[in-house]
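J.: Before I ask anything, here is the structure I am working with.
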Amino acid sequence: MSLTFHWFLPTNGDSRHVVGGGHGTPATASGRDRPPTVGYLGQIARAAEDLGFVGALTPTGAWCEDAWLTTAMVAQHSERLKFLVAFRPGSVSPTLAAQMASTFQRQTGGRLLLNVVTGGESQEQRAYGDFLDKDDRYRRTGEFLEVVRGLWEGKTVDLHGEHLRVEGAQLARVPEPVPEVYFGGSSPIAGEIAARHVDVYLTWGEPPAQVAEKIAWVRGLAARQGRTLRFGIRLHVITRDTSAQAWAEAERLLKGFDPETVKSVQAGLARSESEGQQRMLALHGGGHRDGLEIHPNLWAGIGLVRGGAGTALVGSHEEVAERIKEYAALGIEEFVLSGYPHLEEAYWFGEGVLPRLAADGVWRHPHGALPAASVQVPFAR
């Protein structure tokens, strides 16, 4: 088995500081340091595919650029990288979404992956014209995926559901290959939807013991549906030649957090309806700067100013590789990573950690190459 690694396209802007926002909170001012132009995102995409990342996640929401449009343009500036496009079922009809995915596959040579985001914040959903409550949004997601899956199989679909209705829906051309569906959610109904419909269940970077519990929960739900899923984890990374260098970088980022910004972001995130977001907040106590290393090499500092994924693997290349193998031993096969700034951190991880994982036999470059740092010479930057 070879582990799979994905990177992140910062369509909310990039910086040498943490770009906060998400889950109903606006992107912080640092997001303007490196605007998310197609040119800059193309640089990140080309670096990621050369280093051995399979795909790149793009976020969704009012705080960032539209994922569909942006990735369609960035795809023209890369060759092999896949795009894990986050989208919300409530914003587009299932038939149109299935058609969009099919078109994307043909125009990019099969480089689409779909990250289905049900939407955890009712206030933000209402801004997009969606007035369902959280549980109903998940039920609609189930109906949505039922229609999309049927269309991708070449069926004519009729559905008179609780929230969606289509009649005689069909595609002129089905996607080849069919995009894999990624999905995350910590509430009971989220687990039910994942078990029935998705290919890869994603969790945010909680400590290994909590991740193990979540995997066991979803795996059991899927087994009752006669299905098996793969599991992935969403983390930031700060990896350097030595542990001291990595923690010094984490401290530099922490010192860049304006106390008023932390207070404002935490107040906004505390109102989140997302169970996963509340689990993230619990890791750092809602704004405390002490005790942020919540497991060896797992740092919760990012979550002080950023919604969603709020933890980072911090350490030497060897330490970060060991933590990745620790998660892999639990059943995690895919890692969706990011770091500030995203261009430079892709190289730190790709040249520092991936060769070590390759040497351990748990990863191989998807295109048959290895980063230059795999040669046994001192790593320096």
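The values are calculated or read from the model by the stated rules, or taken from the named source; none is laboratory data. As the structure is a prediction and not an experimental result, all values here were calculated from the model. Cβ: placed from backbone, ideal geometry, glycine included. Neighbour counts: every protein chain shown. Keep in mind that these areas ignore ligands, DNA and RNA; they rest on the heavy atoms of the full protein, side chains included. Shrake-Rupley method; radii C 1.70, N 1.55, O 1.52, S 1.80 Å.
J.: Select from the stretch 185-214 the residues that are open to solvent by 20 Å² or more (accessible area, probe 1.4 Å), within 23 Å of Gln99 (Cα to Cα) and in contact with a helix residue (DSSP H, G or I) (Cβ under 7 Å, 6 or more places away or on another chain) and list them in ascending order.
T.: The answer is Arg196, His197.
J.: Let me ask something else about it. Just give me the residues in the stretch 91-121 being in contact with a Phe, Trp or Tyr (Cβ under 8 Å, 6 or more places away or on another chain) and not hydrophobic (A, V, I, L, M, F, W, C), in sequence order.
T.: Ser91, Pro94, Ser102, Thr108, Arg111, Asn115, Thr118
J.: In the stretch 94-129, what residues are among the aliphatic types (A, V, I, L, M), open to solvent by less than 30 Å² (accessible area, probe 1.4 Å) and not in a strand (DSSP E or B)? Show your work before the answer.
T.: So the first thing to find is which residues in the stretch 94-129 are among the aliphatic types (A, V, I, L, M), and the list is 96-98, 100-101, 112-114, 116-117, 127.
Remaining after also requiring open to solvent by less than 30 Å² (accessible area, probe 1.4 Å): 97-98, 101, 112-114, 116.
Correct list: Ala97, Ala98, Ala101.
J.: For the stretch 53-78, which residues satisfy the criterion of being over 17 Å from the mean Cα position of the chain (by Cα) and surrounded by 18 or more Cβ atoms within 10 Å (Cβ to Cβ)? Talk me through it step by step, then tell me what you get.
T.: If we filter the stretch 53-78 for residues that are over 17 Å from the mean Cα position of the chain (by Cα), which is where we start, we get 69, 72-78.
Listed by number, the residues that qualify are Ala72, Val74, Ala75, Ser78.
J.: Which of the residues belonging to the stretch 83-93 are buried (at least 24 other Cβ atoms within 10 Å of the Cβ) and either over 19 Å from the mean Cα position of the chain (by Cα) or of a type outside the set (Val, Ile, Thr) (or both)?
T.: Of the residues in the stretch 83-93, the ones buried (at least 24 other Cβ atoms within 10 Å of the Cβ) are 83-85, 89.
Selection gives Phe83, Leu84, Pro89.
J.: Which of the helices (runs of 4 or more DSSP H) contained wholly in the stretch 171-273 include at least 3 residues that are among the charged types (D, E, K, R)? Outline the logic, then answer.
T.: Numbers: elements: 188-197, 208-224, 243-255, 259-270.
Counting at least 3 such residues, we get 208-224, 243-255.
J.: Which residues, counting only those in the stretch 19-41, are open to solvent by less than 10 Å² (accessible area, probe 1.4 Å) and part of a loop (DSSP other than H, G, I, E, B)?
T.: Passing the criteria: Val19, Gly20.
J.: Would you be able to tell me the number of residues in the stretch 107-163 that are of a type in the set (Ser, Thr, Tyr) and in contact with a Pro (Cβ under 9 Å, 6 or more places away or on another chain)? Spell out the reasoning first.
T.: In the first step, residues of the stretch 107-163 are kept if they are of a type in the set (Ser, Thr, Tyr); the result is 108, 118, 122, 128, 138, 141, 156.
Those still in the list that are in contact with a Pro (Cβ under 9 Å, 6 or more places away or on another chain) too: 118, 141.
So the answer is 2.
J.: Condition test on Glu167, is it more than 30 Å from Glu293 (Cα to Cα), assigned to a loop (DSSP other than H, G, I, E, B) and either in contact with a Cys (Cβ under 6 Å, 6 or more places away or on another chain) or acidic (Asp, Glu) (or both)?
T.: Working: more than 30 Å from Glu293 (Cα to Cα): yes; assigned to a loop (DSSP other than H, G, I, E, B): no; either in contact with a Cys (Cβ under 6 Å, 6 or more places away or on another chain) or acidic (Asp, Glu) (or both): yes.
The answer is no for Glu167.
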